[in-house]
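The values are calculated or read from the model by the stated rules, or taken from the named source; none is laboratory data. None of the values given here were measured: they were computed from a predicted structure. Glycine also receives a Cβ, built like all others from the backbone with ideal geometry; neighbour counts cover every protein chain displayed. SASA here: full protein model, heavy atoms, side chains in, ligands and nucleic acids out. Shrake-Rupley method; radii C 1.70, N 1.55, O 1.52, S 1.80 Å.
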Amino acid sequence: MRQLVRLFTFVKPYRGRFFLSAFLMVLVIGSDLVVPMLFGWTVDRGLASGELSQVVFYAGLLVLAQGFKSVTDYMQWVVQQDVGQNVVRDIRNKLFERLQALPVSFYRGMPTGQIMARMTNDVEAVQEYVGWGFLVQMAGVMSILGTTVILFLLDWQLTLAVYVPMIPMVLVVYLFDKRIGVAWERVREQMGRLTTVLQENISGIRVVKAFARERLEIGRFRTENEKNRQDNLARLRLEANTFPALDMMVGLAFAALALVGGLRVLNGHGDLGLFFAYQWYLWGIIWPLRFLGWLISMMRQAMAAAPRLFEILDNAPAIASPPHAQKIDRVRGEIRFKDVFFAFADEPDRWVLQGLNLHINPGEVVAVLGSTGSGKSLLVNLIPRFHDVTKGQVLIDGHDVRELELNSLRRQIGIVPQETFLFSATVRENIAYGRPEATLEDVIAAAKLAQAHDFIMEMPKGYDTQIGERGVRLSGGQKQRLALARAILLDPAILLLDEATSAVDTQTEHEIQQALERVMAGRTSVIVAQRLSTIKHADRIVVLKDGVIVEEGTHEELLALGGEYTRIYELQYRESDELAMELAQFMESRLPDARWSN
Amino acid sequence: MSDYEQLEELEALEDIEERPFNLAYFLRILGYLRPYRRETIWTALGILAVSGVSMFEPYLLGQVVDQGIVPRNPDAVKRYALMIMALHMLAWLGGRTRTWMSAVIGQGVLYDLRQDLFTHIQQLGLRFFDRYPVGRIMSRITSDVESIARLLNAGLVTILGEGVNLLGILAVMMWMSWRLTLVAFVILPLLLLIVYKARTTLEASWKNVRKSISNINTYTNESVNGMQVVQAFAREGHNLHKFRGLTQSAHNAWMQAIKTDEAIWPAVEFVGVLGTGLVVIVGGAMILNETLTIGFVIAFVNYLWRFWAPLSAMSRVYGMLLSAMASAERIFGYLDTAPEITDKPNARPLPRIRGEVVFDHVYFKYNPDQDWVLADVDFVVQPGETIALVGHTGSGKTSIINLLMRFYDPVRGAVRIDGYDLRDVQVNSLRSQMAIVLQDGFAFSGSIADNIRYGRLDATDAEIQAVAQAVHLDEFVQSLEDGYAYDVGERGNRVSVGQRQLIAFARALIADPRILILDEATSSVDTETERIIQKAMTRLLEGRTAFIIAHRLSTIRHADRILVIDHGRIVEAGTHQELLARQGRYFNLYLTQFVGHPVATDVEPA
């Protein structure tokens, strides 16, 4: 119930329209109550009077009343739908806003398929109920109450007789209501699992095929598919046990009316007109009762969906600007890590960083080296606050990043991540992602700096070429260069490169390196890489191991140290040394060759 | 029609929300009812029972009046009341049968269609998956399938039930009084006009609604996938603004549709009352002439009243039908895409591979209007040899692997293993003897152990740990609380890229493949691990044929032979030493890689 109440806080901004709609509904139900009366009059005072003019008069009244009802009914629905649609739009907007505010760690725990299922199916379930079911429910309750009052006024004894067969409905409805909520929750969860299996199968199809595991996958899907069918059938069985039973009990009320009502008219406790009017009024409780099971199902479905939406909304963005956050315009680019500890929230005992200290001067180029899982990427991600430290501080120009206005902080930082994500948009829009207002000249300048201009010009529509899912496919190196251009266009004071060139071939890496040298001038840069060739030009190299810095210094200093760096260096260059020797010998032997002398 | 053209055509169907009625598709959809013949008959019987009740009830009520109340006959009242009661008991049974059986049919069709689609898609070649984004294939199997099941379940029940109602009511009315029926139907053309007119505009409006909602979903999906970029570039405000625009236009589209849709029922109801009024007046006149009884007129009006609701309900099914047609076209489009790579009828299982690989003048391209991706690729690999493929991005290295795994077939020429043309052997027997490690090291959600076991389903825990140790993964796993049971999350996003690669490595090794393919397999692991893996590899590669794609010369110089590929051709082949001596393409690549090397700077050519 709490979920439901909360759902209706979204109606609050539209309470004016909501009450208008409720008022119109009262009018509709009122005219629903008047129409049978007029009908009864048409029989009693018209047909019974034996005068055609009377019949015409009452029939005319009947049509007028119905006309009024139809118009009011229409207005009521439109207003109600407007409220419902406003609510759904607000819920969607709020969810989206929250999704954008949630930190990377949230996405670590919730698969994309899950999020999408919530943004689509669950929102639609809520929409159906808020926009429609709820009001039908209200209308039903009002109709039942109004009709009951009138029926009792018309003939309370007959009414008692008619209502008795409907008493078991209470039990049927109670049992249904108790079970259908759980059944819907199961259906939703199972659909989520089916979607996840499907998504993984399709995104990993290369692996599936390479290992000839199609049959295993078909079996895995069949299991989920079968569970999905069973869960749905369990829900439908409840409905099949309930809905026709409700219909039957309503029908028994009709039979009771025919029997008791008929006998009462016979015994002179009323006239025919009353009998007919009564029969018409009965529809006022019949339709809501027939809808009852279905409405409860819809409500329970919405109530199963709502918590899944609230779960997203209630995820306080762990990473947000504090109140009265300080905006920064242009930082110098001094970065300091002070006793930084970090563990992921879902694995609090596994320290990824433990007591890390690092000071980076403005304009300095610092390279971070370390083995897989040593926490290098994390270190970089702490600067734009993709994660917050568990203990300690990260400071930019002396300000704790957690005290800065988040957007102003991130605008200072250009990031080229390991896995490039480009949007389904034009090349230009992708490069201008951080500065949508940038001119084409700016975009081209950034692309040139990132060595991307040439291949962009070779594409069918140049900068207006559509890329992404539905557009031109790009190679890994091309994607990386676009990502680099995107970062450059921000003109950031701080540049972060997280394994930006690990996936490109030597030639491309070489080109990107050259581009980078120009880009990094005057900016504080942090480079994460494994290849020493990428990082040896850095002003300083830090070596990360088990979440702490074990060595730092220039290439030469570290080599002189003879520690971890030297070891990595040797690993990487022992072969290179051999190769170099080989090359030297080779070239010596060829020295007389004219090609090498010039 | 070539595979490529077929996919082109499928692509054009993507954005279509509705299609005109197509008999062939409709029959094919109906074909999915075949396994549920019995259930279908039961559903129809249930429908008949329910409709029968709704048809007889007004008549019986009329009889209560005419036979019971008016002639003051309490026995008749009791008799007819009992009949009404019995009728509703029958309706209960009918209703239960109808609801349950149609549920079984609906869920059954949903299950069958989903399973068919999934099974079929598993057999399609990589060309299909390279072409379509994941989300699109998924919406075929989730929502398109649902739209067809809905048509077969709700749609057919409505058409049958309401159709029987309509016809039955009409028949009863005609039987009762064809004159009053004619009077009542004076307004019918008006009614049909309303329903028809409104439906046409309505279809267009609901189409807009679906379109606008699908825009919201597409945008949400992309935003969620690229959230880190969104946040990194502080685009939240801009994107929220855009999203608000999308939800607002969905709101507007919806309201526009609802304004027409909600007008229909009140209008039908109003016109219905007009008809009722006419009947009451004419009927009244006839009662006064004593040609009709009151009970008769009441019963007649009651029937008339029940005539309008089915009309409105049936017109809704029409919309359901059109959108099911669009879904059917897409689904059948997938189902009709013939698997490109299939076993020939007489295909034999490939015996245990010795490892001789022959590319016999192979030509290949992905689509007809493309230049050759591979042109006259011709080489022989001896069993146990390690071959390195070297070349720029896009030079054709991966295409060679795709042909070797038989993800694609050559356009001209042949690929042979141990003398068997790959097209003549069973695909499974081929692929199960090969293993590949890909650059992105894909992992499935589930435990680390399950991910490794994917390579060989009957591997024991000890074997899994042994390969994990060999690729240097064990140490990391031991540091985890759950150890090998650690859940790597969706696509392995709870472990780093490097760790994912190691998992992929272990998965390949446990398969004990006869041919091993490494496609940039160590690009994301650190140097130390890479070295350890390399060392382990020399042992593991013993007796197996291996293909290695790598950018780093350090990784490839120990290969038995190096093939240098450029623009789809093998331009050089030989050992490291031989290729250096040739001073060609390889030599140049080699030099490029030295530029910037600390050691290389010391040995600048004189």
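General remarks:
- Residue identified as over 18 Å from A:ASP314 (Cα atoms), within 33 Å of the chain's Cα centre (by Cα), more than 10 Å from chain B (Cβ to nearest Cβ) and part of a helix (DSSP H, G or I) among A:GLY133, A:GLY140: A:GLY133
- Members of segment B:450-507 that are of a type outside the set (S, T, N, Q), part of a helix (DSSP H, G or I), under 24 Å from B:SER432 (Cα atoms) and facing chain A (nearest Cβ under 10 Å): B:ARG491, B:GLY492, B:ARG500, B:LEU502, B:ALA504, B:ARG507
- Residue in segment B:401-421 that is more than 27 Å from the chain's Cα centre (by Cα), buried (at least 18 other Cβ atoms within 10 Å of the Cβ), within 12 Å of chain A (Cβ to nearest Cβ) and at pLDDT 85 or above present: yes
- Of the residues making up segment B:328-362, those that are open to solvent by 20 Å² or more (accessible area, probe 1.4 Å) and farther than 26 Å from B:LEU404 by Cα are B:GLU329, B:ARG330, B:LEU335, B:ASP336.
- Residue within segment B:76-93 that is more than 9 Å from chain A (Cβ to nearest Cβ) and of a type in the set (A, V, I, L, M) present: yes
- For B:LYS259, the criteria (1) open to solvent by 40 Å² or more (accessible area, probe 1.4 Å); (2) closer than 27 Å to B:ASN165 by Cβ hold in every case but one, which is (2).
- Test: A:THR72 is assigned to a helix (DSSP H, G or I), in contact (Cβ under 8 Å) with a residue 24 or more places away in the chain and within 60 Å of the chain's Cα centre (by Cα): yes
For every residue, the table says whether it meets (1) touching a helix residue (DSSP H, G or I) at 6+ places or on another chain (Cβ under 6 Å); (2) of a type outside the set (Phe, Trp, Tyr).
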| site | (1), (2) |
| --- | --- |
| A:SER143 | yes, yes |
| A:TRP156 | no, no |
| A:ILE167 | no, yes |
| A:MET191 | no, yes |
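- Exactly one residue out of B:ALA234, B:ALA263 is part of a loop (DSSP other than H, G, I, E, B), facing another protein chain (nearest Cβ under 7 Å) and of a type in the set (A, V, I, L, M), and it is B:ALA234.
- Flag: A:ALA500 matches the condition of being in contact with a strand residue (DSSP E or B) (Cβ under 6 Å, 6 or more places away or on another chain), at pLDDT below 90 and either assigned to a helix (DSSP H, G or I) or among the aliphatic types (A, V, I, L, M) (or both).
- Screening segment A:456-479 for residues that are away from every other protein chain (no Cβ under 11 Å) and either among the hydrophobic types (A, V, I, L, M, F, W, C) or within 12 Å of A:ALA515 (Cβ to Cβ) (or both) and picking the one that is most open to solvent (accessible area, probe 1.4 Å) gives A:MET457.
- Any hit, segment B:442-453, residues being surrounded by 16 or more Cβ atoms within 10 Å (Cβ to Cβ) and free of Cβ contacts under 8 Å to residues at least 40 places away in the same chain: yes
- Condition met for B:ALA204 (within 30 Å of B:GLU162 (Cβ to Cβ), within 28 Å of the chain's Cα centre (by Cα) and surrounded by fewer than 17 Cβ atoms within 10 Å (Cβ to Cβ)): yes
- Boolean, B:ILE281 is part of a helix (DSSP H, G or I), open to solvent by 30 Å² or more (accessible area, probe 1.4 Å) and either under 25 Å from A:LEU38 (Cβ atoms) or among the hydroxyl-bearing types (Ser, Thr, Tyr) (or both): yes
- Looking across segment B:458-479, the residues that are in contact (Cβ under 8 Å) with a residue 24 or more places away in the chain and not small (Gly, Ala, Ser) come down to B:GLU463, B:ILE464, B:VAL467, B:VAL471, B:HIS472, B:LEU473, B:PHE476, B:VAL477.
- Residues within segment B:538-574 that are away from chain A (no Cβ under 14 Å), over 39 Å from the mean Cα position of the chain (by Cα) and open to solvent by 30 Å² or more (accessible area, probe 1.4 Å), tallied: 9
- A count restricted to segment A:248-274 and to residues that are open to solvent by 10 Å² or more (accessible area, probe 1.4 Å) and more than 7 Å from chain B (Cβ to nearest Cβ) stands at 10.
- The condition (being of a type in the set (A, V, I, L, M), surrounded by fewer than 20 Cβ atoms within 10 Å (Cβ to Cβ), under 19 Å from A:VAL208 (Cβ atoms) and at pLDDT below 85) is satisfied by just one residue among B:LEU190, B:LEU126: B:LEU126.
- Residue match in segment B:475-482 (condition: farther than 22 Å from A:GLN530 by Cβ and touching a Pro at 6+ places or on another chain (Cβ under 9 Å)): no
- Residues satisfying the stated conditions in segment B:476-522, i.e. modelled with pLDDT under 80 and open to solvent by less than 10 Å² (accessible area, probe 1.4 Å): B:GLY498, B:ALA521
Every residue, every condition in (1) open to solvent by 20 Å² or more (accessible area, probe 1.4 Å); (2) assigned to a helix (DSSP H, G or I); (3) without any contact (Cβ under 8 Å) to a residue 12 or more places away in the chain; (4) touching a Ser or Thr at 6+ places or on another chain (Cβ under 7 Å), yes or no:
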position	(1), (2), (3), (4)
A:ILE167	yes, yes, yes, no
A:LEU171	yes, yes, yes, no
A:ARG179	yes, yes, no, no
A:ALA183	no, yes, no, no
A:GLY192	no, yes, no, no
A:ARG206	yes, yes, yes, no
A:GLU217	no, yes, no, no
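- Unmet criterion (only one of (1) surrounded by fewer than 22 Cβ atoms within 10 Å (Cβ to Cβ); (2) farther than 27 Å from B:LEU274 by Cα; (3) in contact (Cβ under 8 Å) with a residue 12 or more places away in the chain) for A:GLY30: (2)
- Failed criterion for A:ALA161 (all others in (1) small (Gly, Ala, Ser); (2) assigned to a loop (DSSP other than H, G, I, E, B); (3) open to solvent by 20 Å² or more (accessible area, probe 1.4 Å) hold): (2)
- Qualifying residue in segment A:270-285 (condition: assigned by TED's automatic domain parsing to the domain that holds A:GLY113 and assigned to a loop (DSSP other than H, G, I, E, B)): yes
- Positions within segment A:121-130 being within 14 Å of the chain's Cα centre (by Cα) and either open to solvent by less than 20 Å² (accessible area, probe 1.4 Å) or of a type outside the set (S, T, N, Q) (or both), in sequence order: A:ASP122, A:VAL123, A:GLU124
- Condition met for B:ARG72 (surrounded by fewer than 18 Cβ atoms within 10 Å (Cβ to Cβ), at the interface with chain A (Cβ under 10 Å from one of its Cβ atoms) and more than 16 Å from A:GLN279 (Cβ to Cβ)): yes
- Residue that is farthest from B:TYR219 (Cα to Cα) [pool: residues in segment A:55-114 that are of a type in the set (Val, Ile, Thr) and open to solvent by 10 Å² or more (accessible area, probe 1.4 Å)]: A:VAL56
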